[in-house]
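So the structure is just underneath, and the comments pick up after that.
The values are calculated or read from the model by the stated rules, or taken from the named source; none is laboratory data. Just so we're clear, the structure is a prediction, and the values are computed from it rather than from any experiment. Virtual Cβ from ideal backbone geometry, glycine too; neighbours counted across all protein chains shown. SASA here: full protein model, heavy atoms, side chains in, ligands and nucleic acids out. Shrake-Rupley method; radii C 1.70, N 1.55, O 1.52, S 1.80 Å.
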Amino acid sequence: MELNCKSSTGRGTTFEFIFRGVGANPAPRPAPKREVAPKVGGVVFLVDDEELVRRGTRRMLKLLGAEVHEFGSAGEALARLEAGVVPDLLLTDLAMPEMDGLALAQEVKRRWPGVRVAVISGDPNREAALAAAGVIKVLLKPFEAKELGDLLTQVLSRPA
């Protein structure tokens, strides 16, 4: 694109935009390369108090082939577990009101030791405490579908 500007006192300003290569047959642009995560599957409990984060993460999980049950609080997820629905993976945010992700991870590992647990966090300094609680993996925010797919592949391939 080219921009020409002409200005005259008392006459105003004229802008001329020239778009090169735009016509009947514009040159094709190569599509940006994006890594695509492989389909993984599995039943995932997604726990995050932020609806927008849940919505985006749910979309990614579904694209990865996961069956997603989403919850806005740790209490909701625990209630579903108590009702007998047990996931392959509990994916929880670390910072939540009432019961945070670390407390949820500890409670789930205590009561349902076969459930794998991974945490979404914006704080890279909590990995040691999370590992002690039985958390297999920490996924740092922000993340893309490829990273989430890699996490699911790693976590679901391990024995519970």
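The residues in the range 138-156 that are among the hydrophobic types (A, V, I, L, M, F, W, C), within 17 Å of Val40 (Cα to Cα) and either part of a helix (DSSP H, G or I) or open to solvent by 60 Å² or more (accessible area, probe 1.4 Å) (or both) can be counted, and the count is 6.
Please go through the range 71-106 and give me each residue that is under 22 Å from Ala131 (Cβ atoms), in a loop (DSSP other than H, G, I, E, B) and free of Cβ contacts under 8 Å to residues at least 60 places away in the same chain, ordered by number. Pro87, Leu94, Ala95, Met96, Met99, Asp100, listed by residue number. Inclusion of Ala129 among residues that are crowded, with 18+ Cβ neighbours inside 10 Å and in contact with a helix residue (DSSP H, G or I) (Cβ under 7 Å, 6 or more places away or on another chain) is not warranted. When Phe19, Phe15 are checked against the criterion of being touching a Leu at 6+ places or on another chain (Cβ under 8 Å), open to solvent by 80 Å² or more (accessible area, probe 1.4 Å), on the phi < 0 side of the Ramachandran plot and modelled with pLDDT under 65, a single residue qualifies: Phe15. The combined condition, being surrounded by fewer than 23 Cβ atoms within 10 Å (Cβ to Cβ), among the basic types (Lys, Arg), under 24 Å from Gly149 (Cβ atoms) and over 17 Å from the mean Cα position of the chain (by Cα), is not fulfilled by Arg116.
Residues are listed down the side, and each one gets a yes or a no for (1) aromatic (Phe, Trp, Tyr); (2) modelled with pLDDT under 85; (3) within 12 Å of Gly101 (Cβ to Cβ):
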position: Gly114; (1), (2), (3): no, no, no
position: Val117; (1), (2), (3): no, no, yes
position: Ser121; (1), (2), (3): no, no, yes
position: Arg126; (1), (2), (3): no, yes, yes
position: Leu130; (1), (2), (3): no, yes, yes
position: Ile136; (1), (2), (3): no, yes, no
position: Leu152; (1), (2), (3): no, no, no
position: Leu156; (1), (2), (3): no, yes, no
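For Ala128, indicate whether it is in a helix (DSSP H, G or I) and of a type in the set (Gly, Ala, Ser). Considered against the rule, which asks whether it is in a helix (DSSP H, G or I) and of a type in the set (Gly, Ala, Ser), Ala128 comes out as yes. So for the range 56-70 (the condition being hydrophobic (A, V, I, L, M, F, W, C), surrounded by fewer than 22 Cβ atoms within 10 Å (Cβ to Cβ) and assigned to a strand (DSSP E or B)), does at least one residue qualify? Within the range 56-70, one or more residues are hydrophobic (A, V, I, L, M, F, W, C), surrounded by fewer than 22 Cβ atoms within 10 Å (Cβ to Cβ) and assigned to a strand (DSSP E or B).
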